[in-house]
Amino acid sequence: LMFMQVRPDQFEPLKDRWKELVDTIHDAQEKPLRFLRYWVFASYDVDRLKEEDVYAWFRENRTLVGYDKKPLVFVDRLVEAATAYAAFAQGKDARGTPNRWLANIARLSGSARQHFILLMAGRHLAPDLFAELARQLENLLFAYVITRENTREFERAFTKWAVELRGLADRAALDSFVGRHFVPAKAALSGRFDLTFRDLDAATLQQYRRRYVLAKLTQYVDEQGFGRGGSVPSLDAYLDKKVDLEHVLPQTLTPEVLAEFGGTAEEARALHNRLGNLVLVEKPLNTSVGNKPFSQKRPVYPTSRYLLTRTISPPVEVGANTSVDRAVRSFTPFQKWTKESIAARQAMLAALARRVWDIPDTQSAAGG
């Protein structure tokens, strides 16, 4: 559309900028049509647009967009947006600064990028405000993913919210935006969250997402106990290959393991991949516990550097009312590891998850 109308003296500069745009989108491993569609949602008051209709939309909105009169200005806008888009895909903000929450979202969302609509709409925000937007967005996306909300539903919500987000400029406005949109959206999923989290296992959550969930839970408890003053690493450290996903009830069901478990092999296999049966441990510790029964594993868990892992065994002794003590006091240690133990720990993790991702407990609120 632009090259058909551009002046001869603008052709080469436009061609160079267009190549930069295409290369940026390609390097971000994105499809041009999806990028353009999300850019439209983030930039204009449009809440419905199919990929196959993108070209027609630009053709019908040339005056609004301005690509025919000022093609170089228009392409510069696209290049700026694509550069920010590519940064988001790398876990960075629009300025290229690493962003903890965006890096986390990449671990959670996989190939899904509907949330880029809101990130592009809010990329003008000051760094601290954008970081808060990203933090809140990670929490909301987690609620959507865990409850298996239809991606079309929350994409539609994001396109509507983007209209308002583009105009926000200060913390009060952002807090109000989150309170009116993100908080009610999470509250609406609260009941489903309980039902879903209670049964989380390999059949209901992909392994990379189970790793993400356990990493976030483990990191959160460490932060509560040790603080964020540099002693607690980023989420990547919890997802490192040197950290193993340990099954407390092992895959190899020896007679000794089954005897301690107190159930049938069929029951054990059904619970083996439940979230309540999983902990993060350092690789050497995982090697040492192997497929041993719980009675032999129990003394090893307290030697882990991860507070959440230590809580499986007798209480972490650190003194009265210290930050570490407060961080772990809601967890009950286990003397035996049975199906009731796995269910109990899964319930503890569900309660912890509400705090980590700030999921409102609407049932408790109604009961209170």
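The values are calculated or read from the model by the stated rules, or taken from the named source; none is laboratory data. Since the structure is predicted, the reported quantities are computational estimates derived from the model, not experimental observations. Cβ atoms come from the backbone with ideal geometry, glycine included; neighbour counts cover every protein chain shown. Each accessible area value is taken on the protein alone, full model and side chains, heavy atoms only, with ligands, DNA and RNA left out. Shrake-Rupley method; radii C 1.70, N 1.55, O 1.52, S 1.80 Å.
Would you work out the charge dipole size for the stretch 122-170 about its Cα centre, treating the Cβ of every Lys and Arg as +1 and the Cβ of every Asp and Glu as -1, and quote it to the nearest 20 debye?
That gives the stretch 122-170 a dipole magnitude of about 220 debye.
Determine the relative contact order of the stretch 174-291: mean sequence separation of Cα pairs under 8 Å and six or more apart, normalised by residue count, in whole percent.
Result for the stretch 174-291 is 29 percent.
With the dipole of the chain worked out from charges on the C-beta (+1 for Lys and Arg, -1 for Asp and Glu) around the Cα centre, which of GLY66, LEU133, ALA202 lies farthest toward the positive end?
So the residue furthest toward the plus end is ALA202.
Going Cα to Cα from LYS336, which aspartates and glutamates come in below 12 Å? Please leave out same-chain ones fewer than 8 positions away.
In chain and number order, the partners are GLU260.
About its Cα centre, how strong a charge dipole does the chain have in debye, to the nearest 20, once Lys and Arg get +1 and Asp and Glu get -1 at the Cβ?
Roughly 220 debye, rounded to the nearest 20.
Once Lys and Arg get +1 and Asp and Glu get -1 on their Cβ, which of THR159, VAL213, GLN10 lies farthest toward the positive end of the dipole of the chain?
The Cα lying farthest towards the positive end belongs to VAL213.
Most mobile of THR63, THR83, THR159 per a Gaussian network model of the chain (Cα springs, under 10 Å)?
For the chain, modelled as a Gaussian network with Cα springs under 10 Å, the answer is THR63.
Roughly how many percent of the accessible protein surface of the chain is carbon and sulfur, given a 1.4 Å probe and a whole-percent answer?
After summing per-atom areas, the C and S share lands at 52 percent.
Once both labels are modelled 7 Å past Cα along the beta-carbon direction, what's the LYS242-GLN10 spacing in nm?
For LYS242 paired with GLN10, the spin-label model returns 5.6 nm.
Would you mind pulling out the separation of the Cα centroids of the stretch 7-49 and the stretch 221-289, in Å?
Cα centroid to Cα centroid, the span is 45 Å.
Which listed residue (SER304, PHE193, GLN251) has the Cα farthest towards the positive end of the charge dipole for the chain, taking +1 on Lys and Arg C-beta and -1 on Asp and Glu C-beta about the Cα centre?
In the chain, that residue is GLN251.
About the Cα centre of the stretch 244-292, how large is the charge dipole given +1 on each Lys and Arg Cβ and -1 on each Asp and Glu Cβ? Please answer in debye to the nearest 20.
80
Using a 1.4 Å probe and ignoring any ligands, DNA or RNA, find the accessible area of LYS336 and quote it in Å² to the nearest 10.
140
Could you pull out the chymotrypsin sites (Phe, Trp or Tyr not before Pro) across the stretch 1-34 that fall in loop regions by DSSP (anything but H, G, I, E, B) with no more than 16 other Cβ atoms inside 10 Å?
Counting only loop positions with at most 16 other Cβ atoms within 10 Å, the chymotrypsin sites (Phe, Trp or Tyr not before Pro) in the stretch 1-34 are PHE3.
Before rounding to the nearest 500, sum -39500 (n - 2.57) across all DSSP H runs of length at least 4 in the chain and divide by the residue total; then give [θ] at 222 nm in deg cm²/dmol.
Result for the chain: -18000 deg cm²/dmol, rounded to the nearest 500.
Please list, ordered by chain and number, the residues whose modelled amide H lies under 5 Å from the amide H of SER313; skip anything fewer than 5 residues away on the same chain.
Amide H neighbours of SER313, under 5 Å, 5+ apart: PHE334.
For Rg/Rh (Cα atoms, Kirkwood Rh), the choices are (1) 1.06; (2) 0.97; (3) 0.99; which was calculated from the structure?
Among (1) 1.06; (2) 0.97; (3) 0.99, the one calculated here is (1).
In the structure shown, do any of LYS241/LYS292; LYS31/LYS69; LYS186/LYS297 have a Cα-Cα gap over 31 Å, and if so which?
LYS186/LYS297
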